[in-house]
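The values are calculated or read from the model by the stated rules, or taken from the named source; none is laboratory data. Predicted model, so just to flag it, every value in this text is computed and none were measured. Note that each Cβ is placed from the backbone with ideal geometry, even for glycine, and that neighbours are counted across all protein chains shown. Ligands, DNA and RNA are stripped out before the accessible areas are found, and what is left, the full protein with its side chains, is counted by its heavy atoms. Shrake-Rupley method; radii C 1.70, N 1.55, O 1.52, S 1.80 Å.
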Amino acid sequence: MDRVSKSLQHLFRSSMESIRDLLPILLVIAFFQLLVLRQPIPDLLGLLTGTLLVVIGLTLFVHGLKTALFPIGENMAHDFARKGSLFWLLLFAFSLGFGTTVAEPALIAVSEEAAEVAARGGMIDPDEEAMSSYANGLRLTVAISVGLAIVVGVIRIIKGWPIQYLIILGYLGVVIMTAFAPPEIIGIAYDSGGVTTSTITVPLVTALGVGLATSIRGRNPLTDGFGLIAFASLTPMIFVMAYGMIL
């Protein structure tokens, strides 16, 4: 009963936090719709129903992160660190980055939209097979780049390398690739860097970094455990531009 009671308390707190986070958005919409545009809110019932569903979904998602995904990521990082096998740790890091990115809803949506725009712009044939191939290729390219980025981030934590120098080198690579990449792919590449770090990837990757830094003597979870997401948002830009150059 105590466990159930604590779980309900956590769920209630998560729901209150979700309402608090969504309230500014609702106030902005109401302000501009009623005071600036001076028009009634269209489909108010639908808006309220959708908001309620968002609160419920966000509450359950955040509660699931706290009770499952974060602990799983940290525990597995601890276990791999104790195992002492660099190969398996790096393989796990790559698989985690690849798997979470392939399943990222935002990336799926952007890839499909990019395929439709590319077909309308004449970059690919405007048929279902070509569009599906383009979208899947884009998703796999981003997923591979994120997997490699997490591997680099894990090696950085193990070696204790300063993150700022790696980030500077990475963005120099982005600038160089931007100069040579086709103009049609540059915007997609930059957006791909943002959509990869979303609902699924961020919690597990962050938990991996913090858990690994906690397990290694001499590493500070605050200064060394974070930063994996920076690599995960950086490398897709380079890889997607290279993907566009190859196509």
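Below, the figures for the structure above:
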read-out	value
Rg followed by Dmax, in Å, when the chain is reduced to its Cα trace	21.2, 64
Using a Förster distance of 30 Å, the FRET efficiency for Ile25-Asn220 (Cβ separation, nearest 0.05)	0.30
For Ile176, solvent-accessible area (1.4 Å; no DNA, RNA or ligand), Å²	100 Å²
Spin-label model distance (nm) - Gln39 vs Thr178, 7 Å beyond Cα toward Cβ	3.6 nm
Carbon plus sulfur fraction of accessible area for the chain, probe 1.4 Å, in percent	70 percent
The chain - charge dipole about Cα centre, Lys and Arg +1 at Cβ, Asp and Glu -1, debye rounded to 20	1260 debye
Distance (nanometres) between label positions extended 7 Å along Cα→Cβ at Tyr165 and Asn136	4.2 nm
Leading residue at positive end of dipole, the chain (Cβ point charges), from Leu52, Leu107, Ile163	Ile163
Solvent exposure, largest accessible area first (probe 1.4 Å, DNA, RNA and ligands not counted), of Asp224, Asp21	Asp21, Asp224
Solvent exposure, largest accessible area first (probe 1.4 Å, DNA, RNA and ligands not counted), of Tyr134, Tyr165, Tyr243	Tyr165, Tyr243, Tyr134
In Hz, Karplus ³J(HN,Hα) per residue of segment 193-203 (6.51, -1.76, 1.60; θ = phi - 60°; x = Gly, Pro)	x, x, 6, 5, 9, 10, 4, 8, 5, 4, x
For Ser133, solvent-accessible area (1.4 Å; no DNA, RNA or ligand), Å²	80 Å²
Dipole magnitude of segment 1-66 about its Cα centre (Cβ charges: Lys, Arg +1; Asp, Glu -1), debye to nearest 20	180 debye
Per-bin percent of Cα-Cα distances, segment 121-170 [5 Å]	4, 17, 17, 15, 11, 9, 10, 8, 6, 2
Solvent exposure ordering (accessible area, 1.4 Å, most first) of Ser132, Ser233	Ser132, Ser233
Globularity index of segment 151-247, i.e. its alpha-carbon radius of gyration over 2.2 N^0.38 Å	1.18
Cα pair distances in segment 1-66, grouped into 10 Å bins until the bin that holds the longest one, percent each	20, 39, 24, 13, 4, 0
Heavy atoms of Phe180: accessible area, 1.4 Å probe, square angstrom to 10	150 Å²
Of Gly121, Asn136, Pro71, farthest towards positive along the dipole that unit charges on Lys, Arg, Asp, Glu beta carbons give segment 51-148	Pro71
Extension reserve of the Asp127-Leu11 stretch, reckoned as 0.36 nm per residue once the Cα distance is removed	37.1 nm
Net dipole in debye of segment 62-195 [+1 Lys, Arg Cβ; -1 Asp, Glu Cβ; about Cα centre; nearest 20]	980 debye
The chain: relative contact order in percent, alpha carbon pairs under 8 Å with at least 6 residues between	24 percent
Solvent-accessible area per residue, Å², over the chain with all protein chains present [probe radius 1.4 Å]	57 Å²
